[in-house]
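Accompanying notes for the structure given below.
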Amino acid sequence: MKRFILIVVFLMVLVSVWGISWLFTDKNSPLFKPIERYELVGEFIHIQPKELNEVLDRYLGQSFWEIELSVIQSELTKLDWVRHAVVGRRWPNQIYVEIEEQSPVARWGDLGLITQSGEVFYPKNSAGFEHLVRLKGELSESGKVLASLRVFQEKLDAIGFRILSLTYRMGDVWRMNLLNGSQIVLDTKEGEHKLNRFVAAYPQLAESLRKSPQRYDLRYSNGFIVGKSP
């Protein structure tokens, strides 16, 4: 008898839950609340509003309570220029969407861009960023390459050199192509010390060397070699 009562109670709870769910999610229910609008928040430079609208318009008319916010967020973050998205409900019939756009600080390889945090992304169109420094290396090393660019450029500022591209290759070798056509080759063993030594010695080089593009190989423990730029 006790078991029968428990079964009856369980069925009643199940029916009640189903009924409450129906009241709020079924379009024929008087308590059904559809999503009628959405609010977009964020500063967009590269994101096309049309792309966002194509995602969000599909959810208009769906239940305010039943809509899966995590699914919407996942769809938005798959868009080229969306770095982060926050989606929430706003009573009685609206969803709130906050978008953070990708902000590239350098190029990565031929097609990619890299953000300040070292995250690489590949937009369908990367035109307009040719002025940014071009970085190359293993994708897993993107953060290291970007951090090294900042260190190297800060040191080279002292002698007026500007890095156009920075490549990190297997074997711990850095190659920097400079705005004036010169190239610097550096290894990672005491790399900062060797670069500091070069920066200190550069003003003492013959003026004829400093006026034309050169290749500076700093991979030596007791100095560096100056040769013709490739």
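Check whether at least one residue in the range 223-230 is surrounded by 12 or more Cβ atoms within 10 Å (Cβ to Cβ) and of a type in the set (Lys, Arg), and report yes or no. Checking the range 223-230: not a single residue is surrounded by 12 or more Cβ atoms within 10 Å (Cβ to Cβ) and of a type in the set (Lys, Arg). Could you check, for the range 143-161, whether at least one of its residues is in a strand (DSSP E or B) and either assigned by TED's automatic domain parsing to the domain that holds PRO213 or modelled with pLDDT of 95 or more (or both)? No, every residue in the range 143-161 fails to be in a strand (DSSP E or B) and either assigned by TED's automatic domain parsing to the domain that holds PRO213 or modelled with pLDDT of 95 or more (or both). Taking every residue in the range 164-183 that is in the same structural domain as ARG134 (by TED's automatic domain parsing) and under 13 Å from GLY109 (Cα atoms) and pairing it with any residue that is in a strand (DSSP E or B) and charged (D, E, K, R), at least 6 positions away or on another chain, the pairs with Cβ-Cβ distances below 6 Å are SER165/ARG134; THR167/LYS136; THR167/ARG175. Is there any pair linking a residue in the range 132-156 that is among the aromatic types (Phe, Trp, Tyr) to one that is in a helix (DSSP H, G or I), with Cβ under 8 Å and at least six apart or on different chains, and which? Partner pairs satisfying both residue conditions: PHE152/LEU195. The set of residues from the range 74-102 being without any contact (Cβ under 8 Å) to a residue 24 or more places away in the chain, in contact with a strand residue (DSSP E or B) (Cβ under 6 Å, 6 or more places away or on another chain) and of a type in the set (S, T, N, Q) comprises just one member, THR77. Of all residues in the range 193-228, those satisfying the criterion of being in a helix (DSSP H, G or I), touching a strand residue (DSSP E or B) at 6+ places or on another chain (Cβ under 9 Å) and under 15 Å from LYS155 (Cβ atoms) are LYS194, LEU195, ARG197, PHE198, ALA201, TYR202. For the range 192-222: of the residues being hydrophobic (A, V, I, L, M, F, W, C) and free of Cβ contacts under 8 Å to residues at least 40 places away in the same chain, which is surrounded by the most Cβ atoms within 10 Å (Cβ to Cβ)? The residue in question is PHE198.
The values are calculated or read from the model by the stated rules, or taken from the named source; none is laboratory data. This one's a predicted model, so the numbers in the text were calculated from it and none came from an experiment. Glycine gets a Cβ as well: all are built from the backbone with ideal geometry, and neighbour counts include every protein chain shown.
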